[in-house]
2 protein chains.
Amino acid sequence: MPDLDHDSPVPLWEQLAGRLREEITSGRLTGRVSSATALAMSYGVSRDTALRALAQLASEGLTVARRGRGTFVVPAADRGR
Amino acid sequence: MPDLDHDSPVPLWEQLAGRLREEITSGRLTGRVSSATALAMSYGVSRDTALRALAQLASEGLTVARRGRGTFVVPAADRGR
DNA sequence: GAGAATTTGTACGTATGTATG
DNA sequence: ACATACATACGTACAAATTCT
């Protein structure tokens, strides 16, 4: 898994969202998604950037974020509702 | 025009987006919208907060933002396309 | 055409609030 | 009481696009 490209015109948070989106839609990632802090550390970006990626996925209905609990993948069958 | 309420549970950026949305949908605000910096100053919030409000309106299709130019109200007739 | 100023966008850092475990 | 985690909000900095001098 290559690092995110800091020189790309594509924003880091979009790149990260893309990675996660791919893992989710392919079914490889289910259940709980890594926290913004964990993602920030493992991808070498700021927490804010990771947070933005997570917020993006949530706005797409791919995940639901619950305060104090975490971000969870919405089962494919429940998507679009 | 009352100030934004810093103690409200409603986020400042949402409050600001609400103000602008109202001005736009009522037709009182057309053409160019104040810059993020100007909004931040006049409403006593950070530029980040103002930007978020503007981004929200853009995501709703109420405005279009153009780098180096500004944010512009989408004519009512063109909304939803 | 060069340079400065303006404006949106992205990114990082930090702090605080709120909710859950 | 404490740790974890999302959300908001501040400040700052730089890049990119446009406009003005």
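Where a number appears in this text, it was derived from the coordinates with a stated rule and is not lab data. Because the structure is a prediction, the values reported are computed rather than measured. Neighbour counts are summed over all protein chains in view; Cβ atoms, including those assigned to glycine, are modelled from backbone coordinates with ideal geometry.
Restricted to segment A:56-65, and to residues that are within 14 Å of chain B (Cβ to nearest Cβ) and outside any loop (DSSP other than H, G, I, E, B), which residue is farthest from residue A:34 (Cα to Cα)?
Result: A:59.
Per-residue answers, yes or no, for (1) in contact (Cβ under 8 Å) with a residue 12 or more places away in the chain; (2) more than 24 Å from residue A:48 (Cα to Cα):
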| position | (1), (2) |
| --- | --- |
| B:9 | no, no |
| B:14 | yes, no |
| B:44 | yes, no |
| B:49 | yes, no |
| B:62 | yes, yes |
| B:67 | no, no |
| B:77 | no, yes |
| B:80 | yes, yes |
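When the test is whether a residue is closer than 24 Å to residue A:55 by Cβ and of a type in the set (A, V, I, L, M, F, W, C), residue B:29 does not pass it.
For segment B:17-55, filtering for residues that are more than 14 Å from chain A (Cβ to nearest Cβ), assigned to a helix (DSSP H, G or I), more than 8 Å from DNA strand D (Cβ to nearest atom) and not basic (Lys, Arg) leaves 16.
Let's see how each residue does on (1) away from DNA strand C (no atom under 12 Å from the Cβ); (2) on the phi < 0 side of the Ramachandran plot:
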| position | (1), (2) |
| --- | --- |
| B:6 | no, yes |
| B:14 | yes, yes |
| B:22 | yes, yes |
| B:28 | yes, yes |
| B:40 | no, yes |
| B:61 | yes, no |
| B:70 | no, no |
| B:79 | yes, yes |
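Farther than 22 Å from residue B:48 by Cβ and either acidic (Asp, Glu) or within 7 Å of DNA strand D (Cβ to nearest atom) (or both): is that true of residue A:58 in this structure? No: the conditions fail for residue A:58. Among the residues of segment A:68-78, are any in contact with an Asp or Glu (Cβ under 7 Å, 6 or more places away or on another chain) and farther than 25 Å from residue B:59 by Cβ? No: segment A:68-78 contains no residue that is in contact with an Asp or Glu (Cβ under 7 Å, 6 or more places away or on another chain) and farther than 25 Å from residue B:59 by Cβ.
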